[in-house]
Every structure is written in C-alpha cells, then in structure tokens.
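Here's the structure we're looking at; comments come further down.
The values are calculated or read from the model by the stated rules, or taken from the named source; none is laboratory data. Only a predicted model underlies this, so the values are computations on that prediction, with no experimental measurement involved. Cβ sites come from the backbone with ideal geometry, for glycine too, and all protein chains shown count toward neighbours. Surface accessibility is based on the protein's heavy atoms, side chains included, excluding ligands, DNA and RNA. Shrake-Rupley method; radii C 1.70, N 1.55, O 1.52, S 1.80 Å.
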Amino acid sequence: MVLRDKPQKEFSLILPGYNEEETVVNSVQRCHAALTKNFAHFELILINDCSKDGTAEKMEEAAISYPEVRVYHNEKNLGQGESLKKGFQLAEGELVMHNGFDLPFDPMDLDKIKEIMSDNKDVVIVEREDRKAYSFYRKVISWANVLLLKLLFRCPFGDYNFVQAYRRHVLGTISAKTTAVGSVIPEFIIRAYRANFAVKSIKLPYYQRETGKSSIGMKQVFGALLDTIK
C-alpha cells in the first residue's frame, strides 16, 4: 500500500468565539462557502473560549458537517486576544487569517485577499472603508487609538483592529506579548512592519453585528490601552 502525503493546506481561517450560539451555524456556512470557492485545501478553526451557552455543541456539530472544520476548546476563559494567539499557533495553512463570528469582514471578499497575497506579500491589513456603523463615542475611541499607535510606533496604517492575513512563516517569526484583544492585533501588525515583511493594506467594507452580543466593552478598551502603554 502506498501512503500518500496529505496536501498542504493553502488557507487557515480562525474564528474565536464566546457565547456565539446564535451565529455559529450561519457563520460557518458562509465561511465554508467562500473558502471552497477560493481554495482547494483549507481549514476553518473554531475556538470556543469557555462559552456558557450552546456554542460548544454548535461548533462540534459544524465539525461533523464539514471535514475542514477544526474545533478547539480553551480550558479556561482567555479572552479574544489570547484565543486568537492560540488560533495562530494551531493554524496549518500557508496563509492564515482571522475574523469574528459576527463576520465584520465579508468572507466573499477573500478573493481580494488571495489576489494581493499572490503578489508576494507577507501580510495584508484590511482597513475599514468607514465607521458609519459606529456610535459617535466609539468613533472617537477608534480614531484616538489609531492616532496613538501612529504616534507611539510610527506605523503608517489607518486601522489596527479589523482583520489581517499572514503568511505562516511570518507568524513563526513574530509573536505578541500583550493579551488584550485591542492590543494583540496591533502588536502583530507593528512587529511585522518593523521586521520588514512585505505588508500591504486594503480598504474593504465593515459589517455591523446583527445577532448576539459583542464581548468587547470598556474593560477591554482600557485593558488594551494599558497593554499598549506597557
């Protein structure tokens, strides 16, 4: 019998979630359809951050329905930032990207990410076209955060908290020391930029959450601020 090597996964998409029972089925269906359209070999990594509702069961059901789905259950609640870092460690794809279960990034825009990455780019930073869905207060917080990061780290990008795609060797080279979701993602961007990887930004639509409840509140905002200063 001839043993054949498993084909290399082209793409890993990570969805970390806490109490996302209402969104799991629809989000997995939409992501799987978009991934199937763009890649022959991929994986969809679902991370359950000790949810208290039926999220874990919904994720396991998705893994039965779709062989490309992998489920990881955190042993304790880590928060979105640490869950994302765990996803980066688990990812086996040549390209690695993350999104929220509420799909603020439309999975059907993956073709645009794929196109940019095919041009020998190491990192693609997706910037929101606008923040119309934000309240005035959240707009102020968001723009203040961008300004602070530009001043502190002299990094030229206009969005540090949406989604990004990385080549796996980039994630094997850099790491984030911070833990808050609002600082982990900017830290990966800043470290990749300072390490002189080929980084490209693109503006795409941002979609507001329609179901479920966001786990990002003022506690997370201040936690990210303290992490950034540290």
Report summary line: Within the stretch 74-86, residues being open to solvent by less than 70 Å² (accessible area, probe 1.4 Å) and either at pLDDT below 95 or not polar (S, T, N, Q) (or both) number 7
Query raised in the report: Would it be correct to say that residue 57 is open to solvent by 50 Å² or more (accessible area, probe 1.4 Å), of a type outside the set (A, V, I, L, M) and out of contact with any Lys or Arg (no Cβ under 7 Å at 6 or more places or on another chain)?
Result: yes
Requested in this report: Would you please name the residue that is surrounded by the most Cβ atoms within 10 Å (Cβ to Cβ), looking only at residues in the stretch 106-121 that are of a type outside the set (Asp, Glu) and not in a helix (DSSP H, G or I)?
Outcome: 121
Query raised in the report: Pairs, please: C-beta under 9 Å, at least 6 apart or cross-chain, first residue closer than 12 Å to residue 182 by Cβ and in the stretch 137-151, second at pLDDT below 75 and part of a helix (DSSP H, G or I)?
Result: 141/221; 145/221; 145/224; 145/225; 145/228; 148/225; 148/228; 149/228
Report summary line: Counting only residues in the stretch 154-166 that are touching a residue at least 40 places away in the same chain (Cβ under 8 Å) and of a type in the set (Phe, Trp, Tyr), the one surrounded by the most Cβ atoms within 10 Å (Cβ to Cβ) is identified as 166
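If you go through the stretch 122-173, how many residues are in a loop (DSSP other than H, G, I, E, B), aliphatic (A, V, I, L, M) and at pLDDT 90 or above?
The initial filter retains those residues of the stretch 122-173 that are in a loop (DSSP other than H, G, I, E, B), namely 122, 129-135, 154-162, 172-173.
Now narrow it down to the ones that are aliphatic (A, V, I, L, M): 133.
Checking the rest, the ones that are also at pLDDT 90 or above come to none.
Total meeting the criteria: 0.
When you check residue 69 against the structure, is it open to solvent by less than 50 Å² (accessible area, probe 1.4 Å) and more than 28 Å from residue 175 (Cβ to Cβ), yes or no?
On the way: open to solvent by less than 50 Å² (accessible area, probe 1.4 Å): yes; more than 28 Å from residue 175 (Cβ to Cβ): no.
In short, no.
Kindly check whether there is at least one residue in the stretch 44-61 that is under 17 Å from residue 108 (Cα atoms) and outside any helix (DSSP H, G or I).
If we filter the stretch 44-61 for residues that are under 17 Å from residue 108 (Cα atoms), which is where we start, we get 44.
Those left that are additionally outside any helix (DSSP H, G or I): 44.
Yes, the stretch 44-61 contains a residue that is under 17 Å from residue 108 (Cα atoms) and outside any helix (DSSP H, G or I).
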Report task. Please go through the stretch 90-105 and pick out each residue that is crowded, with 19+ Cβ neighbours inside 10 Å and either among the acidic types (Asp, Glu) or in a helix (DSSP H, G or I) (or both). Result -> 102
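Restricting to the stretch 87-112, what's the tally of residues that are of a type in the set (Lys, Arg) and under 12 Å from residue 16 (Cβ atoms)? Break it down stepwise before answering.
Restricting attention to the stretch 87-112, the residues satisfying the condition of being of a type in the set (Lys, Arg) are 112.
Then drop every residue that is not under 12 Å from residue 16 (Cβ atoms), which leaves none.
Counting residues in the stretch 87-112 that are of a type in the set (Lys, Arg) and under 12 Å from residue 16 (Cβ atoms) gives 0.
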Report summary line: Filtering the stretch 1-52 down to residues that are of a type in the set (D, E, K, R) and loosely packed, with under 14 Cβ neighbours inside 10 Å yields 4, 5, 6, 37, 52
Report task. Please indicate, with yes or no, whether at least one residue in the stretch 48-61 is out of contact with any helix residue (DSSP H, G or I) (no Cβ under 9 Å at 6 or more places or on another chain) and touching a residue at least 60 places away in the same chain (Cβ under 8 Å). Result -> no
Query raised in the report: Does the stretch 81-89 contain any residue that is touching a Phe, Trp or Tyr at 6+ places or on another chain (Cβ under 9 Å) and part of a loop (DSSP other than H, G, I, E, B)?
Result: no
